[in-house]
Protein chains: 2
Amino acid sequence: MIEFDGFKPVYGGICASRGFTAGALRAGIKESSQKDDLAMIYCVKPCTAAAVYTKNVVKGAPITVTQKHLQDNTAQAVIVNSGNANTCNANGIEIAELMCELTAENLKVNKEDVIVASTGVIGQKLSPQPFQKYIPLLAVSLSEVGSIGACKAMMTTDTRVKEFAFEFTLDGKTCNIGGISKGSGMINPKMATLLVFITTDVKISVEMLNKALQEANRNSYSRVNIDGDTSTNDMACVMASGLAGNEEITAENENYEIFLNALCAVMCNLARETARDGEGATKLIECMVANAPSEEAAALISKSVVSSSLVKAAVFAADANWGRILMAMGNAGAAFDPLKVSVKIMSENGIVTFCEDGVAVDYSEEKAHNVLSADEVTIMIDLHEPDAENNQSIAWGCDLTYDYVKINAEYRT
Amino acid sequence: MIEFDGFKPVYGGICASRGFTAGALRAGIKESSQKDDLAMIYCVKPCTAAAVYTKNVVKGAPITVTQKHLQDNTAQAVIVNSGNANTCNANGIEIAELMCELTAENLKVNKEDVIVASTGVIGQKLSPQPFQKYIPLLAVSLSEVGSIGACKAMMTTDTRVKEFAFEFTLDGKTCNIGGISKGSGMINPKMATLLVFITTDVKISVEMLNKALQEANRNSYSRVNIDGDTSTNDMACVMASGLAGNEEITAENENYEIFLNALCAVMCNLARETARDGEGATKLIECMVANAPSEEAAALISKSVVSSSLVKAAVFAADANWGRILMAMGNAGAAFDPLKVSVKIMSENGIVTFCEDGVAVDYSEEKAHNVLSADEVTIMIDLHEPDAENNQSIAWGCDLTYDYVKINAEYRT
């Protein structure tokens, strides 16, 4: 976990924030699956809400419906299913609206205050029956310990629950923020995300909530790549109940900075765990770039390194084929001086330097193999631009394994 | 093979063009390998020459040296090694210059008229000794049947010789054009190429040769993606001896169009075979996009589809997970109307329609599996823009297999 000063990790995930309950059950949306596939999140009062969406031109029906419902930046409930993406279906919008209607009816909230999301295979027919039968049952089973269940019900090829919550203080009031997310393949969020639901009891204006979400997204999910493919159904939304009792945040003051850090604490940790849980992955790859010509260059280069198939395959084999790191840096679309580059790789097993001033240095293959054999591998790149301390970035990815191919050659069946 | 009207396939590869000989031998550049690793191409007279290079910010030393030598657009010989990319080496430029010097000395040509290229692992020390010992031997062993040998000596993880030659007529004179190329991984040529050497006996001005190469490259290698990684050492160059006796092409006239088509015939076929020979590939994937909003949109969309890891894994499994095609189209960075899209997949085993007007249509899974089980699979996308007959594109890629991971997890060892 990445620790952030002043934020205390707490239990409860999205239910750690005052006012929120959640739940999940098996609705049989994908008949062949025995896992829970329908989740609901509810708040006792309407929340200020903000979201970011996939930049894919082909958008799932739930994205279209949620965008409409969040025009007023108010939400009180979330309904989400796995097992079917409800994308490229002739009656997709109809079904997404029905999911919201049934949720609203059973929770006694406004239909326009329901956020809807779906994840699974694209272009598969989706029956309304599971929703008609199970949303009423789900609505009466929500609880304050429902966060993990809701997270599990969203999972497709995910193997790990991705859930974080932190406690912090604003105006002397204890505040909470928590989040859950799913996503393991088709992941290269472009200024958007996967399925990410975040709750907080902080009181904050629509403008400041939107601003904080954009900023936190830029430093978290936008820095993750698993396979270069951007889903049609990506969505990250944050709901703020305002029940913490702090004075409303309406400007970029000190309290805004604290909230932004809290949001980053949740989103960066979720994003990092998403990379670790990439389809078929055996290792988390972290790439840190320092002293770049610009912050944008640092971001592009760190992302390009964790995105390279060849870097990923080399890390899988714990093979110190570091020339591929230079190759991936050069493809980032950012200018830098190759003759100033140094590259090191670090893990719990030690640290090895491969390249200084852009040329090879001697190293022990045995030690390099050992460093690369750890579960978490950090590639440290210094571009040695003068006066560039702030031009840095971290990006997260995972190794490319036989199991990635296996999972994606067999996913539908 | 893609056939082009009016061009007759002939034997001989790069030696089919008048004036050219080639050869290869084993210089032991990578000690553990038993294959030939040093190739040479020679023309009896200085040629008009043009080249395109990798857009990677990190460039191999041979790229830097060749760019310098081709400033005057004249070349008479090529020296190329596999087994070491001569990139990120402290003495890289020195060694690339030495390779040219030794070639020039032994062929009695000008040192500045030698093109040099290297391919293999990046950042590995490279000794001058193999070149000092073997370039003199190679220079006296060139022959008119040396094209295949030269091609084989460039190969790294390639499994197929990629060599084409065509005969055509200009001003009543028989002309020839031939090419060889290597490349199987680290392949996503960005307006540049891999290692591609093309010879012709056509007489053509520097300006027209450069123009034709840029244009042919845009329609051939720029449409290939194997793994999204762009090499540091990509290079395509064409040498024109002028020995065919045609009137020199100095303007974009009818003869220029014929020559451009001949160059496209060689380069498109080499590019397509490169995709088929992608690391670990079992299938060639061809994506044809028709009636797009623009030619650029067609090119972006076709390239995005063959580049998607998820599309590639599905084709490997012959699994008709066509939603991934829509997903990849939406990520191409091109605007289009998702509700006008139709998608079909065709092979020697038949044709199946998956999607019309952007929504799923019924199809037989058994038939789809059968169509996708062929060695060559064509994904046909129609965007149904009105008056857009010319807004079309073809791109080439290959499936993503266990062997891609295996090859790249073991490449260095």
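The values are calculated or read from the model by the stated rules, or taken from the named source; none is laboratory data. All values derive from a computational prediction rather than experimental measurement. Positions of Cβ are backbone-derived with ideal geometry, glycine not excepted, and every protein chain shown enters the neighbour counts. With ligands, DNA and RNA removed, areas are computed over all heavy atoms of the protein, side chains included. Shrake-Rupley method; radii C 1.70, N 1.55, O 1.52, S 1.80 Å.
Residues that are within 17 Å of residue B:408 (Cβ to Cβ), open to solvent by less than 30 Å² (accessible area, probe 1.4 Å) and polar (S, T, N, Q): does the stretch A:394-401 have at least one?
yes
Which of the residues spanning the stretch B:230-275 are crowded, with 24+ Cβ neighbours inside 10 Å and acidic (Asp, Glu)?
B:234
Since residue B:6 meets every condition but one in (1) modelled with pLDDT of 95 or more; (2) within 19 Å of residue B:166 (Cβ to Cβ), which condition does it not meet?
(1)
Residue check: is residue B:93 within 14 Å of another protein chain (Cβ to nearest Cβ), in a helix (DSSP H, G or I) and under 24 Å from residue B:147 (Cβ atoms)?
No, not satisfied.
Looking at B:389, B:365, B:410, B:376, which one is away from every other protein chain (no Cβ under 14 Å), open to solvent by 40 Å² or more (accessible area, probe 1.4 Å) and at pLDDT below 95?
B:389
Could you check, for the stretch A:179-197, whether at least one of its residues is buried (at least 24 other Cβ atoms within 10 Å of the Cβ), in contact with a strand residue (DSSP E or B) (Cβ under 7 Å, 6 or more places away or on another chain), among the aromatic types (Phe, Trp, Tyr) and modelled with pLDDT under 90?
no
Restricting attention to the stretch B:17-42, which residues are open to solvent by 20 Å² or more (accessible area, probe 1.4 Å) and under 19 Å from residue B:258 (Cα atoms)?
Within the stretch B:17-42, just B:18 meets the criteria.
Provide a single number: the residues in the stretch B:34-70 that are under 29 Å from residue A:329 (Cα atoms) and either outside any strand (DSSP E or B) or free of Cβ contacts under 8 Å to residues at least 12 places away in the same chain (or both).
Of the residues in the stretch B:34-70, 18 are under 29 Å from residue A:329 (Cα atoms) and either outside any strand (DSSP E or B) or free of Cβ contacts under 8 Å to residues at least 12 places away in the same chain (or both).
Please indicate, with yes or no, whether at least one residue in the stretch B:79-86 is touching a residue at least 12 places away in the same chain (Cβ under 8 Å), open to solvent by 20 Å² or more (accessible area, probe 1.4 Å), out of contact with any His (no Cβ under 7 Å at 6 or more places or on another chain) and not in a strand (DSSP E or B).
Checking the stretch B:79-86: at least one residue is touching a residue at least 12 places away in the same chain (Cβ under 8 Å), open to solvent by 20 Å² or more (accessible area, probe 1.4 Å), out of contact with any His (no Cβ under 7 Å at 6 or more places or on another chain) and not in a strand (DSSP E or B).
Across the stretch A:308-320, what is the number of residues that are under 18 Å from residue A:360 (Cα atoms) and either open to solvent by 10 Å² or more (accessible area, probe 1.4 Å) or small (Gly, Ala, Ser) (or both)?
Final tally of qualifying residues: 3.
Taking only the stretch A:326-362 into account, find how many residues are within 9 Å of chain B (Cβ to nearest Cβ), among the β-branched types (Val, Ile, Thr) and surrounded by 22 or more Cβ atoms within 10 Å (Cβ to Cβ).
Final tally of qualifying residues: 1.
If residue B:305 passes every condition in (1) farther than 30 Å from residue B:168 by Cα; (2) crowded, with 24+ Cβ neighbours inside 10 Å; (3) touching a Leu at 6+ places or on another chain (Cβ under 9 Å); (4) more than 10 Å from chain A (Cβ to nearest Cβ) but one, which one does it miss?
(3)
Filter the helices (runs of 4 or more DSSP H) completely within the stretch B:271-351 down to those with at least 1 residues that are free of Cβ contacts under 8 Å to residues at least 40 places away in the same chain and among the acidic types (Asp, Glu).
B:295-307
For (1) out of contact with any strand residue (DSSP E or B) (no Cβ under 9 Å at 6 or more places or on another chain); (2) on the phi < 0 side of the Ramachandran plot; (3) among the hydrophobic types (A, V, I, L, M, F, W, C), each residue gets a yes or a no:
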residue: B:13; (1), (2), (3): no, no, no
residue: B:17; (1), (2), (3): no, yes, no
residue: B:32; (1), (2), (3): yes, yes, no
residue: B:48; (1), (2), (3): no, yes, no
residue: B:56; (1), (2), (3): yes, yes, no
residue: B:87; (1), (2), (3): no, yes, no
residue: B:102; (1), (2), (3): no, yes, yes
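Which one of the conditions (1) surrounded by fewer than 24 Cβ atoms within 10 Å (Cβ to Cβ); (2) within 14 Å of another protein chain (Cβ to nearest Cβ) does residue A:107 fail to meet, given that it meets all the rest?
Condition (2) is where residue A:107 drops out.
Yes/no per residue for (1) among the polar types (S, T, N, Q); (2) in contact with a Lys or Arg (Cβ under 9 Å, 6 or more places away or on another chain):
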residue: B:217; (1), (2): yes, no
residue: B:221; (1), (2): no, no
residue: B:226; (1), (2): no, no
residue: B:246; (1), (2): yes, yes
residue: B:269; (1), (2): yes, yes
residue: B:274; (1), (2): yes, yes
residue: B:282; (1), (2): yes, no
residue: B:289; (1), (2): no, no
